[in-house]
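So the structure is just underneath, and the comments pick up after that.
Rule-based calculations on the coordinates, nothing more; no lab input. Not measured: the values here are computed from a predicted model. Glycine gets a Cβ as well: all are built from the backbone with ideal geometry, and neighbour counts include every protein chain shown.
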């Protein structure tokens, strides 16, 4: 048996921890550089705001309905993610952090008399201790656990926890579950299935095993098995933190503009930094890379990568982002259409003493000075016109983050003020 | 949990004995454990948050303007606890007097009558966000 704990609208929930007055109100969080919506409260979803909607496109809705807007604040999200993870570890000996807002719990071999109550208890405890609402699905496989956790979001009466195990229940759920939303079914597979008139997860499980293997290879077969209740996806026990972190993506439209490419890479560096913080590691080496579409035969091809080193190690997203951006400027070549880019942290070390949070002013100062140093370096190398970030008085990155909340939990200068008037 | 590393070099080291230059083994060498204020003040990493006091309605409870309070959501609110509360759309710190079904949020500043106890009924939007466990103040 496995559990999947998924934080509801995570970035929005993190902002609400320090703004409880925003509960029940529409809230969105924007991507780096305030480009597009990357997290939406349920109320914002109900207004029709979609994932990835560009900010300028939804401005009128925002104004009309008084939607609260935040720029992404990865220092806060990384910290809150670590807190939720810590709570989850009280419930099972092995917890696999799957992403910043999701974790699997391995419940095999544990004696849990009432799994449904257990799921609800995990959810309630996360909420009580961290103020983050979490949906917990428990099922015979990881894939089904993910589906069960989605049910919690659909049905508030489940009170954040759902145990899905009886075959008839599973069938009922899968019959209504779009196959494209199943974990492990990518866009391409979903399209292929759609062409075969297969729309629900249930229809997919009815395909004969041989054709699943032929059409969707091993990963598709695993998903097929998992939907049928047979665990096939390894539990990745991360007692040992990952030894490298890679965040990269192919672009829907090729990028020819240096600024746009930098913006994308800045995004990747942000989430790499959040992953680092999540596993309490520091980066020693990070490479930014970008390449063209090698399948386009007549287009000019290039592959660039640029390595940066941090001798003392860092997980400060400001440093990682500014470094990644500088590296991207270095590797960018005019006249090429970039199809894919990313950052990879190739060497990392555990962060020591991460449990504490007192006495770190001097540390933050050190980080700040390192930050200014690296920005100075960019300034020197590329001239002021090239610089994407400047430092504001309080040391925050200035990169269209008009709406960023303070670093409530990671900077002494930013801890929330509580008015006692 | 995240945050910031402890700067052990300055604060904690001064609490230990000084260097013993040479010769015979120091009896202090067996003492590997250093005094760690975080261990004392933060009992639950996942649920502990810091706030800064802005205002004077809690001075009689030793919470002065600019003090840092340590707030632990793992601590169940008890009668008479001081807590970060959410009421009327904002956070505040008050002494919480629990009664049947409701509570009274009591300011702690007897010299300033402007601060009045706030009764909260079951229908009021009221939330004990977290109980204050320590106050950090500069002398």
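Would you tell me the mean number of C-beta atoms belonging to other protein chains that fall within 10 Å of each C-beta in A:10-19, as a whole number? Walk me through the numbers on the way to the answer.
Working: counts 0, 0, 0, 0, 0, 0, 0, 2, 4, 4.
Per residue, the average neighbour count from other chains is 1.
For the pair residue A:47 and residue A:172, what calculated FRET efficiency results from E = 1/(1 + (r/R0)^6), where r is the Cβ-Cβ distance and R0 = 25 Å, to the nearest 0.05? About 0.25, to the nearest 0.05. Fully extending the segment from residue A:402 to residue A:347 would add 16.5 nm, taking 0.36 nm per residue of separation and subtracting the current Cα-Cα distance.
Based on every Cα atom in segment A:212-280, Rg and the maximum pairwise Cα distance Dmax equal 17.7, 47 Å.
When a/c is below 1.5 the answer is rounded, else prolate if a/b is larger than b/c, else oblate, so apply that to segment A:40-144 with a ≥ b ≥ c taken from the square roots of the Cα gyration tensor eigenvalues.
Values: a/c = 2.61, a/b = 2.20, b/c = 1.18.
Cα axes put segment A:40-144 in the prolate bin.
Pull out a ≥ b ≥ c, the square roots of the eigenvalues of the alpha-carbon gyration tensor of segment B:48-136, then state rounded if a/c is under 1.5, prolate if not and a/b is larger than b/c, and oblate in the remaining case.
Numbers: a/c = 1.70, a/b = 1.16, b/c = 1.47.
Here segment B:48-136 falls in the oblate category.
Extension gain, residue A:330 to residue A:252, is 25.7 nm, computed as 0.36 nm per intervening residue step minus the present C-alpha separation. Over the residues of chain A, the helix contribution to mean residue ellipticity at 222 nm works out to -12500 deg cm²/dmol, using -39500 (n - 2.57) for each DSSP H run of at least 4. The mean number of partner chain beta-carbon atoms within 10 angstrom of a residue's beta-carbon across peptide B:119-131 is 1. Among A:135, A:305, A:31, the residue with the largest mean-square fluctuation in a Gaussian network model of chain A, with springs joining Cα atoms closer than 10 Å, is A:305. Residues within the reach of a label modelled at residue A:21 (point 7 angstrom out along Cα to beta-carbon, backbone nitrogen below 15 Å), restricted to segment B:114-138, are B:125-127.
Inter-label distance, residue A:155 to residue A:419: 4.2 nm, where each label sits 7 Å from its Cα along the C-beta direction.
When a/c is below 1.5 the answer is rounded, else prolate if a/b is larger than b/c, else oblate, so apply that to segment A:119-249 with a ≥ b ≥ c taken from the square roots of the Cα gyration tensor eigenvalues. Don't jump to the answer; show the numbers that get you there.
Numbers: a/c = 2.00, a/b = 1.35, b/c = 1.49.
Here segment A:119-249 falls in the oblate category.
Shielding of peptide B:41-54 by partners, expressed as the average count of other chain Cβ atoms within 10 Å per residue Cβ, is 6.
Ratio of Rg to Rh for chain A: 0.97 [Cα atoms; Kirkwood radius as inverse mean 1/r over pairs].
Taking packing as the residue-averaged number of other Cβ atoms within 10 angstrom, the listed peptides A:187-196, A:144-153 run from highest to lowest as A:144-153, A:187-196. With R₀ set to 56 Å, the beta-carbon distance separating residue A:56 from residue B:62 gives a calculated FRET efficiency near 0.65.
So, R0 is 51 Å and r is the distance between the beta-carbons of residue A:243 and residue B:112; what FRET efficiency does that work out to, to 0.05? That pair, residue A:243 with residue B:112, gives E of 0.30. Global size of segment A:84-130: 10.5, 30 Å for Rg and Dmax (C-alpha atoms, Rg to one decimal, Dmax whole).
As a rough footprinting exposure proxy, the listed residues A:226, B:125 were ranked by other beta carbons within 10 Å of their own, and the order from fewest upward is B:125, A:226.
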